[in-house]
Amino acid sequence: DGGITQSPKYLFRKEGQNVTLSCEQNLNHDAMYWYRQDPGQGLRLIYYSQIVNDFQKGDIAEGYSVSREKKESFPLTVTSAQKNPTAFYLCASSWGQGSTEAFFGQGTRLTVV
Amino acid sequence: DQQVKQNSPSLSVQEGRISILNCDYTNSMFDYFLWYKKYPAEGPTFLISISSIKDKNEDGRFTVFLNKSAKHLSLHIVPSQPGDSAVYFCAANVAGGGADGLTFGKGTHLIIQP
């Protein structure tokens with residue numbers, strides 16, 4: 001089955017700690033994305049990558065970091081510099097430049113305790 | 001500055017009736033529009049889209065209408081079913097712009113009542 005897998009589904013972190021969210025896709029998509037959703041808010045773009053070993057900041061990149069060492073994987077690290085990290089994080093992928101649709105994973109709920 | 005607006009945070013519709021979800025946009029460069037459906041604690045799934053060269057696109061019970069002059073689109077679901085209860089996000093993009101150009105509205109929570 002092709003798809004996007006995010007893990008874990010729920011994650012708890014102590015304040016001041018970094019945490020990495022996993023995202024893997026087997027759709028052979030070139031582009032991958034990380035979004036954040038807060039209650040009553042739309043999806044906001046954190047980072048995106050159009051190709052392996054390259055990534056760009058989205059609208060709300062501060063306090064986050066990413067890597068794209070493999071086409072299938074696009075992990076997101078929420079650092080201690082992110083002031084309000086509790087949110088629902090969504091990973092997505094698409095065919096890349098020219099593709100206007102994104103396909104989403106199931107999401108990771110991060111809670112800072 | 002919200003470029004895609006869904007002004008109704010929630011909408012309650014009786015089962016079997018028509019559900020109409022509205023979306024307005026301000027950026028005249030947008031020319032491709034999508035609707036996503038999202039259940040709680042799950043990722044959004046693509047529902048239907050429309051290009052600006054059309055004013056209507058239909059897929060089964062779902063129809064999207066686009067009024068470019070008014071910068072307005074709407075999603076019609078008829079007849080509404082219990083499984084349609086979800087949050088619906090309107091999104092806009094420039095055709096061929098890449099999914100990083102997607103701009104989402106805040107969503108409308110559709111509740112289908114039996």
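Taken together, the values in this text are just the output of simple stated rules run on the coordinates, not laboratory data. These numbers were taken from a predicted model, which means no experiment stands behind them. Cβ sites come from the backbone with ideal geometry, for glycine too, and all protein chains shown count toward neighbours.
How well do other chains shield peptide B:37-45, expressed as the mean number of their Cβ atoms within 10 Å of each residue Cβ? The partial results should precede the final answer.
Details: counts 0, 6, 1, 2, 6, 7, 17, 10, 2.
Mean partner shielding for this stretch: 6.
If Lys and Arg each add +1 and Asp and Glu each add -1, what is the summed charge of the other residues whose beta carbon sits under 13 Å from the beta carbon of residue A:87?
Residues close to residue A:87 contribute a combined charge of +4.
If packing is taken as the mean number of other Cβ atoms within 10 Å per residue, what is the order of A:79-88, B:41-50, highest first?
B:41-50, A:79-88
Beyond a 28 Å Cα-Cα separation, which of these cross-linked pairs lie in this structure: A:9/A:71; A:9/A:57; A:83/B:71; B:68/B:106; A:9/B:37?
Numbers: A:9/A:71 22 Å; A:9/A:57 24 Å; A:83/B:71 36 Å; B:68/B:106 21 Å; A:9/B:37 19 Å.
Correct reply: A:83/B:71.
Calculate the mean, over all residues of peptide A:32-45, of how many other protein chain Cβ atoms lie within 10 angstrom of the residue's Cβ. Could the numbers behind the result be given before it?
Working: counts 1, 4, 0, 4, 0, 8, 1, 1, 4, 4, 13, 12, 2, 6.
Mean partner-chain Cβ count within 10 Å for A:32-45: 4.
If you bin the C-alpha pair distances of chain A every 5 Å from 0, what whole percents do you get?
Reading upward from the zero bin: 2, 13, 25, 27, 19, 10, 4, 1, 0.
Could you please rank A:68, A:36, B:61, placing first whichever residue has the fewest other Cβ atoms within 10 Å of its Cβ?
Numbers: A:68 20, A:36 23, B:61 14.
Taking fewest neighbouring Cβ atoms as first place, the list is B:61, A:68, A:36.
How big, in percent, is the set of alpha carbon pairs in the stretch A:62-113 lying more than 13 Å apart?
68 percent
To the nearest 0.05, what FRET efficiency results for residue B:11 and residue A:62 with a Förster distance of 25 Å applied to their C-beta separation? Intermediate values should be presented prior to the final figure.
Values: r = 34 Å, r/R0 = 1.37.
Calculated transfer efficiency: 0.15.
In whole Å, what are the Cα extents of the stretch B:39-103 along the three principal axes, biggest one first?
That gives 32, 26, 19 Å along the principal axes, largest extent first.
For residue B:85, list long-range residues whose amide hydrogen, built 1.01 Å from N in the peptide plane, is under 5 Å from its own amide hydrogen.
B:112
Once Rh for chain B is found with the Kirkwood sum over Cα pairs, what is the Stokes-Einstein diffusion coefficient at 25 °C and 0.890 mPa s, in µm²/s?
174 µm²/s
Take every Cα pair under 8 Å in chain A that's 6+ residues apart, average their separations, divide by the length, and report that relative contact order as a whole percent.
Relative contact order here is 35 percent.
From other protein chains only, count the Cβ atoms within 10 Å of every residue's Cβ in A:105-113, then give the mean. Provide the component values of the computation, followed by the final result.
Details: counts 3, 4, 6, 1, 1, 0, 0, 0, 0.
Whole-number average of other-chain Cβ neighbours for A:105-113 is 2.
With bins 10 Å wide starting at 0, give me the P(r) of the protein assembly as shown over every alpha carbon pair, in whole percents.
Final binned percentages: 8, 33, 35, 20, 4, 0.
Quick check: residue separation of residue B:29 and residue B:56 times 0.36 nm, minus the Cα distance between them. What number comes out in nm? Kindly include the intermediate steps, with their values, before the conclusion.
Working: separation 27, 0.36 × 27 = 9.72 nm, distance 1.89 nm.
Extending this stretch completely gives an extra 7.8 nm.
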